[in-house]
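The values are calculated or read from the model by the stated rules, or taken from the named source; none is laboratory data. Since we're looking at a predicted model, the values are computed, not measured. In this analysis, Cβ positions are derived from the backbone assuming ideal geometry, glycine residues included, and neighbour counts consider all displayed protein chains. What goes into the accessible areas is simple: the full protein's heavy atoms, side chains included, and nothing from ligands, DNA or RNA. Shrake-Rupley method; radii C 1.70, N 1.55, O 1.52, S 1.80 Å.
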Amino acid sequence: MVPSRLFLAGWQAVLEGVRRGPLPPRAVLGPGWLLPRLLSLGHADCAKHQEPSRKKLLSEKKLKRHFVDCRRVLVCGGRGGDGASCFHSEPRKEFGGPDGGDGGHGGDVILRADGQVKSLSSVLSQYRGFHGEDGGRKNCFGRSGALLYIRVPAGTVVKEGNTVLADLSCPGDEYIAARGGAGGKGNRFFLANDNRAPMTCTPGQPGQERVLLLELKTMAHAGMVGFPNAGKSSLLRAISNAKPAVATYPFTTLGPHVGIVHYEDHQQVAVADVPGIIRGAHRNRGLGLAFLRHIERCGFLLFVVDLSAPEPWAQVDHLKYELEQYEGGLSERPHVIVANKIDLPEARAKLPELRARLGPTAIALSAATGENLEELLLRLKELHGRHVAAELQQGSQRLRWQRRLR
């Protein structure tokens, strides 16, 4: 048993030790007190040296969760470097002359189409080019600013106001969005016979500043057009590996999805699922004009109608009217009529009247059960073959799709 006088002395030593730093010997307070004290001090030290929490960086998947097909961007070229005004200084050389170098040019801002980028969601609202460095002594020129590349998806249209400046339809296409400013001139540049000691130097010029509108038009061979809840997303899931959202309420698809249909001869057909179109879409009703532009680049169309709806044959006329009001000649492109939901009894009963009104070429199928999908795939391949032959005759470049490695 520890005497009380020794215990009080040990407690005072502990307090002094905590103030000064070292811990008291174990023999003073016994073995049971030291472990909790070490744990508490260790926890305090960890809390003291703990790094401040940092904001987690979002992954590329979360950044591109929401599809963006229109973006207004402010681009500014880099400023040019200033010219230098100085004179050569060297022993035993009284009149060295001017040796101020020119400033470097500002960097350009360039838009580049990239096949790996699928949306404009990663494009910022403002870009500024790199500035050029100032000129130096001994006729040293400043370094020009580096080029700033902005990656945009293939199919991006660049506009300034209502004027179309560029159409980046193929991967690798580039457009100089803003040019950098010219570098300033040093006093060496102004050396002349009548002015052997110029003091003049010019500053760098500011870069070009523009406000551009970027619009994405989906690049696909075929485009599926239909009213909401016609089964377009289910059909795209059935014929390709794309996974668009499927639900029983309208406007489930809020952005276009592209699926690739593979054939045995290594042929690929890109099919785009465009959000549902309603009557008056050309007057910006519903989703309106937001996604009608994604059909402009499609070589042929798939009119998907809900066979279980009342008078499904009237849907094709309404869809063609909306497309024609948006752009003349868009409804006259090669197309095929797809009557979906034939697995329902009321839909199968309307099939004879549908073919009597729209012709026997209408394809009746069920995206839910997979019934008669082979006929649609064969028709897709046939339309794609005609489209490729027409492009080759016109001399245009064929749209190629490459499978993205993951």
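Quick one: what are the phi-derived ³J(HN,Hα) couplings along the range 339-354, Karplus 6.51/-1.76/1.60 with θ = phi - 60°, whole Hz, x for glycine and proline?
Computed from phi, the couplings for the range 339-354 are 9, 8, 6, 6, 6, 7, x, 5, 6, 5, 6, 8, 5, x, 5, 5 Hz.
Please work out the average accessible area per residue across the range 220-403, using the 1.4 Å probe convention, and give it in Å². All intermediate terms of the calculation are to be shown ahead of the outcome.
Working: 8990 Å² over 184 residues.
Here the residues of the range 220-403 average 49 Å² of exposed surface.
How big is D for the range 220-403, in µm² s⁻¹ as a whole number, if Stokes-Einstein is applied with the Kirkwood radius of its Cα pairs at 20 °C and 1.002 mPa s? Please report the intermediate quantities before stating the final value.
Details: Rh = 16.6 Å.
So the translational diffusion coefficient is about 129 µm²/s.
If you take the beta carbon distance between GLU327 and ALA146 as r and set R0 to 30 Å, what does 1/(1 + (r/R0)^6) give as a FRET efficiency, to the nearest 0.05?
For R0 = 30 Å, the calculated efficiency reads 0.15.
What is the distance in Å between the Cα centroid of the range 148-223 and that of the range 66-117?
Their Cα centres are 12 Å away from one another.
Which chymotrypsin sites (Phe, Trp or Tyr not before Pro) from the range 66-171 combine a DSSP loop assignment with at most 11 other Cβ atoms within 10 Å? Walk me through the numbers on the way to the answer.
Details: sites: PHE67, PHE87, PHE95, TYR127, PHE130, PHE141, TYR149; in loops: PHE67, PHE95, PHE130, PHE141.
Here the chymotrypsin sites (Phe, Trp or Tyr not before Pro) that fit, given the DSSP loop and packing criteria, are PHE95.
Report the net charge of residues surrounding ASP134, where surrounding means a beta-carbon distance below 15 angstrom and charges are Lys +1, Arg +1, Asp -1, Glu -1. Each step should come with its number before you reach the end.
Details: positive: ARG79, ARG137, LYS138, ARG143, LYS185, ARG188; negative: ASP82, ASP99, ASP102, GLU133.
Overall, the nearby charge balance is +2.
Starting from the Cα of GLU209, step 7 Å along the direction of its Cβ; do the same at ILE176; then give the gap between the two resulting points in nm.
Those two pseudo-labels are separated by 2.0 nm.
Taking square-rooted eigenvalues a ≥ b ≥ c of the alpha carbon gyration tensor, is the range 93-157 rounded, prolate or oblate, where a/c under 1.5 means rounded and, failing that, a/b exceeding b/c means prolate? Write out the running numbers ahead of the final one.
Values: a/c = 6.41, a/b = 4.58, b/c = 1.40.
Cα axes put the range 93-157 in the prolate bin.
Protein chains only, probe 1.4 Å: how do CYS70, CYS170 rank by accessible area, largest first?
Details: CYS70 55, CYS170 35 Å².
The ordering from most to least exposed comes out as CYS70, CYS170.
Within straight cross-link reach of LYS381, meaning Cα distance under 15 Å, which aspartates and glutamates are found once same-chain residues fewer than 8 apart are removed?
GLU264, ASP265
Classify the range 213-280 as rounded, prolate or oblate from the Cα gyration tensor: take a ≥ b ≥ c as the square roots of its eigenvalues, call it rounded if a/c is under 1.5, otherwise prolate when a/b beats b/c and oblate if not. Walk me through the intermediate numbers first.
Numbers: a/c = 2.21, a/b = 1.34, b/c = 1.64.
Verdict is oblate for the range 213-280.
Considering only protein heavy atoms and a 1.4 Å probe, what is the carbon-and-sulfur percentage of the accessible area of the range 220-403? Mind dumping the intermediate values first?
On the way: 4420 of 8990 Å².
In the range 220-403, the share of accessible area belonging to carbon and sulfur is 49 percent.
Take the Cα radius of gyration of the range 67-217 and divide it by 2.2 N^0.38 Å, with N its residue count; two decimals is plenty.
1.39
How many nm separate the modelled label positions at LEU124 and ASP194, each set 7 Å beyond the Cα in the direction of the Cβ?
It is 4.9 nm.
Would you work out what percent of the accessible area of the range 139-185, with all protein chains in place, is carbon or sulfur (probe 1.4 Å)? Please list the in-between numbers first.
Values: 1160 of 2370 Å².
So the carbon and sulfur contribution to the accessible surface is 49 percent.
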